[in-house]
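What follows is a set of notes on a single structure, which appears directly below.
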Amino acid sequence: MDDLLQLYAEVYDDIFRRASGIIEYYDPCEITDCGCIAEGKDFCCGGCSHLDEDGCTTQSIWCKMWLCYTAEKYTPECKKAMSKLKDTMRTHDKFHGSLGYIWYSLMGRKSKEEALNEVARMKDRHQQELLAELKNYKEARGNEKST
Ligand code: SF4
Ligand code: SF4
(Lines give C-alpha, C1' and ligand atoms only; values in the text may rest on other atoms or scores of the structure.)
(Ligands and ions follow the chains in the order given, each with its own letter.)
Protein backbone atom coordinates (compact mmCIF):
# COMPACT_ATOMS: atom_id res chain seq x y z
CA MET A 1 0.00 0.00 0.00
CA ASP A 2 2.80 2.44 0.87
CA ASP A 3 4.39 1.82 -2.54
CA LEU A 4 1.12 2.56 -4.27
CA LEU A 5 0.48 5.79 -2.39
CA GLN A 6 4.05 6.95 -2.90
CA LEU A 7 3.94 6.26 -6.63
CA TYR A 8 0.49 7.81 -6.96
CA ALA A 9 1.76 10.97 -5.24
CA GLU A 10 4.79 11.01 -7.51
CA VAL A 11 2.69 10.70 -10.67
CA TYR A 12 0.21 13.24 -9.32
CA ASP A 13 3.03 15.74 -8.85
CA ASP A 14 4.42 15.01 -12.30
CA ILE A 15 1.08 15.58 -14.03
CA PHE A 16 0.39 18.65 -11.89
CA ARG A 17 3.77 20.10 -12.82
CA ARG A 18 3.17 19.44 -16.52
CA ALA A 19 -0.30 21.02 -16.36
CA SER A 20 1.07 24.03 -14.44
CA GLY A 21 3.73 24.50 -17.12
CA ILE A 22 1.01 24.62 -19.79
CA ILE A 23 -1.02 27.17 -17.83
CA GLU A 24 2.03 29.33 -17.16
CA TYR A 25 3.04 29.22 -20.81
CA TYR A 26 -0.34 30.09 -22.33
CA ASP A 27 -1.83 32.15 -19.46
CA PRO A 28 -5.40 31.40 -20.62
CA CYS A 29 -7.13 33.02 -17.65
CA GLU A 30 -5.29 36.37 -17.61
CA ILE A 31 -5.74 36.73 -13.86
CA THR A 32 -5.52 40.20 -12.32
CA ASP A 33 -6.60 41.68 -8.96
CA CYS A 34 -10.08 42.12 -10.44
CA GLY A 35 -10.57 38.49 -11.50
CA CYS A 36 -10.01 36.62 -14.74
CA ILE A 37 -11.22 37.02 -18.30
CA ALA A 38 -14.43 35.15 -17.52
CA GLU A 39 -15.33 35.70 -13.87
CA GLY A 40 -14.95 37.98 -10.86
CA LYS A 41 -12.67 37.57 -7.87
CA ASP A 42 -13.68 33.99 -7.01
CA PHE A 43 -12.90 32.89 -10.59
CA CYS A 44 -14.47 29.48 -11.16
CA CYS A 45 -13.85 28.50 -7.50
CA GLY A 46 -17.07 29.84 -6.00
CA GLY A 47 -18.51 27.56 -3.30
CA CYS A 48 -15.44 25.32 -3.10
CA SER A 49 -14.45 24.13 0.38
CA HIS A 50 -10.80 24.79 -0.47
CA LEU A 51 -11.38 28.46 -1.16
CA ASP A 52 -10.65 31.09 1.48
CA GLU A 53 -10.14 34.85 1.31
CA ASP A 54 -6.57 34.38 0.05
CA GLY A 55 -7.62 32.02 -2.72
CA CYS A 56 -7.11 28.29 -3.18
CA THR A 57 -5.66 26.55 -0.14
CA THR A 58 -4.67 23.34 -1.94
CA GLN A 59 -3.61 21.93 -5.29
CA SER A 60 -5.97 20.00 -7.47
CA ILE A 61 -5.03 18.49 -10.82
CA TRP A 62 -8.59 18.60 -12.02
CA CYS A 63 -8.74 22.36 -11.40
CA LYS A 64 -5.32 22.86 -12.94
CA MET A 65 -6.39 21.05 -16.10
CA TRP A 66 -9.92 22.37 -16.41
CA LEU A 67 -10.62 25.43 -18.56
CA CYS A 68 -13.93 27.21 -18.91
CA TYR A 69 -15.51 27.93 -22.27
CA THR A 70 -14.11 31.47 -22.40
CA ALA A 71 -10.56 30.44 -21.60
CA GLU A 72 -10.72 27.65 -24.18
CA LYS A 73 -12.22 29.94 -26.78
CA TYR A 74 -9.56 32.65 -26.50
CA THR A 75 -6.61 30.29 -26.04
CA PRO A 76 -7.29 27.24 -28.19
CA GLU A 77 -3.58 26.36 -28.15
CA CYS A 78 -3.82 25.89 -24.39
CA LYS A 79 -6.86 23.66 -24.78
CA LYS A 80 -4.95 21.62 -27.35
CA ALA A 81 -1.88 21.26 -25.13
CA MET A 82 -4.03 20.26 -22.15
CA SER A 83 -5.94 17.72 -24.25
CA LYS A 84 -2.63 16.24 -25.31
CA LEU A 85 -1.61 15.89 -21.67
CA LYS A 86 -4.95 14.24 -20.87
CA ASP A 87 -4.37 11.85 -23.78
CA THR A 88 -0.98 10.99 -22.32
CA MET A 89 -2.75 10.00 -19.12
CA ARG A 90 -5.35 8.01 -21.04
CA THR A 91 -2.69 6.17 -23.00
CA HIS A 92 -2.21 4.10 -19.89
CA ASP A 93 -5.91 3.61 -19.34
CA LYS A 94 -6.43 0.28 -21.03
CA PHE A 95 -10.11 -0.65 -21.27
CA HIS A 96 -11.09 1.87 -18.61
CA GLY A 97 -8.20 0.64 -16.51
CA SER A 98 -6.56 2.11 -13.54
CA LEU A 99 -5.37 5.47 -14.69
CA GLY A 100 -9.02 6.03 -15.41
CA TYR A 101 -9.54 5.64 -11.69
CA ILE A 102 -6.83 8.17 -11.05
CA TRP A 103 -8.47 10.53 -13.41
CA TYR A 104 -11.93 10.10 -11.97
CA SER A 105 -10.76 10.08 -8.39
CA LEU A 106 -9.15 13.42 -9.13
CA MET A 107 -12.33 14.84 -10.51
CA GLY A 108 -14.24 17.64 -8.97
CA ARG A 109 -12.07 19.93 -6.91
CA LYS A 110 -10.36 17.22 -4.88
CA SER A 111 -7.05 17.99 -3.24
CA LYS A 112 -4.12 15.63 -3.64
CA GLU A 113 -4.69 14.40 -0.07
CA GLU A 114 -8.35 13.68 -0.79
CA ALA A 115 -7.37 11.80 -3.96
CA LEU A 116 -4.79 9.80 -1.99
CA ASN A 117 -7.45 8.92 0.59
CA GLU A 118 -9.63 7.59 -2.23
CA VAL A 119 -6.79 5.46 -3.52
CA ALA A 120 -6.26 4.06 -0.01
CA ARG A 121 -9.95 3.07 0.12
CA MET A 122 -9.97 1.28 -3.26
CA LYS A 123 -10.56 -2.43 -3.49
CA ASP A 124 -7.39 -4.55 -3.55
CA ARG A 125 -7.89 -5.54 -7.16
CA HIS A 126 -8.17 -1.94 -8.27
CA GLN A 127 -5.14 -0.98 -6.23
CA GLN A 128 -3.09 -3.67 -7.99
CA GLU A 129 -4.27 -2.46 -11.39
CA LEU A 130 -3.53 1.10 -10.44
CA LEU A 131 -0.03 0.23 -9.28
CA ALA A 132 0.69 -1.47 -12.60
CA GLU A 133 -0.62 1.49 -14.57
CA LEU A 134 1.33 4.00 -12.51
CA LYS A 135 4.47 1.99 -13.21
CA ASN A 136 3.63 2.10 -16.92
CA TYR A 137 3.21 5.85 -16.75
CA LYS A 138 6.49 6.28 -14.96
CA GLU A 139 8.30 4.06 -17.43
CA ALA A 140 6.81 5.95 -20.39
CA ARG A 141 7.90 9.26 -18.83
CA GLY A 142 11.38 7.90 -18.30
CA ASN A 143 11.54 6.89 -21.94
CA GLU A 144 10.27 10.33 -23.03
CA LYS A 145 12.95 12.07 -21.02
CA SER A 146 15.72 9.89 -22.38
CA THR A 147 14.78 10.51 -26.05
S1 SF4 B 1 -10.99 28.72 -16.17
FE2 SF4 B 1 -12.28 30.45 -16.78
S3 SF4 B 1 -13.41 31.04 -14.93
FE4 SF4 B 1 -11.70 29.73 -14.30
S5 SF4 B 1 -10.01 31.18 -13.78
FE6 SF4 B 1 -9.76 30.58 -15.95
S7 SF4 B 1 -10.85 32.13 -17.14
FE8 SF4 B 1 -11.55 32.28 -15.03
S1 SF4 C 1 -9.67 23.29 -5.30
FE2 SF4 C 1 -10.10 24.10 -7.34
S3 SF4 C 1 -12.12 25.04 -7.19
FE4 SF4 C 1 -11.35 24.76 -5.12
S5 SF4 C 1 -10.36 26.69 -4.60
FE6 SF4 C 1 -8.77 25.32 -5.40
S7 SF4 C 1 -8.64 25.79 -7.62
FE8 SF4 C 1 -10.60 26.62 -6.84
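The values are calculated or read from the model by the stated rules, or taken from the named source; none is laboratory data. Quick caveat, the model's predicted, so the values are computed rather than measured. Methodologically, a virtual Cβ is constructed for each residue, glycine included, from the backbone with ideal geometry; neighbour enumeration extends over all protein chains shown.
Assorted remarks:
- When each of E10, E24, E72 is tested for being within 14 Å of ligand 1 (Cβ to nearest atom), within 16 Å of the chain's Cα centre (by Cα) and either assigned to a helix (DSSP H, G or I) or on the phi > 0 side of the Ramachandran plot (or both), the lone residue that passes is E24.
- Yes/no for T88 being surrounded by 15 or more Cβ atoms within 10 Å (Cβ to Cβ), modelled with pLDDT under 85 and not basic (K, R): yes
Per-residue answers, yes or no, for (1) within 19 Å of K110 (Cα to Cα); (2) of a type outside the set (S, T, Y):
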| site | (1), (2) |
| --- | --- |
| K41 | no, yes |
| H50 | yes, yes |
| D54 | yes, yes |
| S83 | no, no |
| K86 | yes, yes |
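- Check on F16, among the aromatic types (F, W, Y), within 14 Å of ligand 1 (Cβ to nearest atom) and surrounded by 13 or more Cβ atoms within 10 Å (Cβ to Cβ): no
- Lone qualifier among G55, G97 - being more than 10 Å from ligand 1 (Cβ to nearest atom) and modelled with pLDDT of 75 or more: G55
- Among the residues here, G47 qualifies as among the small types (G, A, S) and outside any helix (DSSP H, G or I).
- Given (1) out of contact with any helix residue (DSSP H, G or I) (no Cβ under 7 Å at 6 or more places or on another chain); (2) part of a helix (DSSP H, G or I); (3) at pLDDT below 80, index of the condition W103 fails: (1)
- Subset of the range 27-46 [on the phi > 0 side of the Ramachandran plot and more than 8 Å from ligand 2 (Cβ to nearest atom)]: D27, E30, G35
- Pair list, Cβ < 8 Å and 6+ apart or interchain, from the range 64-79 residues that are more than 11 Å from A38 (Cβ to Cβ) to residues that are of a type in the set (V, I, T): K64/I23; C78/I22; C78/I23
- Test: S49 is within 13 Å of Y12 (Cβ to Cβ), at pLDDT 90 or above and either within 16 Å of ligand 2 (Cβ to nearest atom) or over 19 Å from the mean Cα position of the chain (by Cα) (or both): no
- On the stretch given as the range 111-147, residues that are within 18 Å of the chain's Cα centre (by Cα) and β-branched (V, I, T) total 1.
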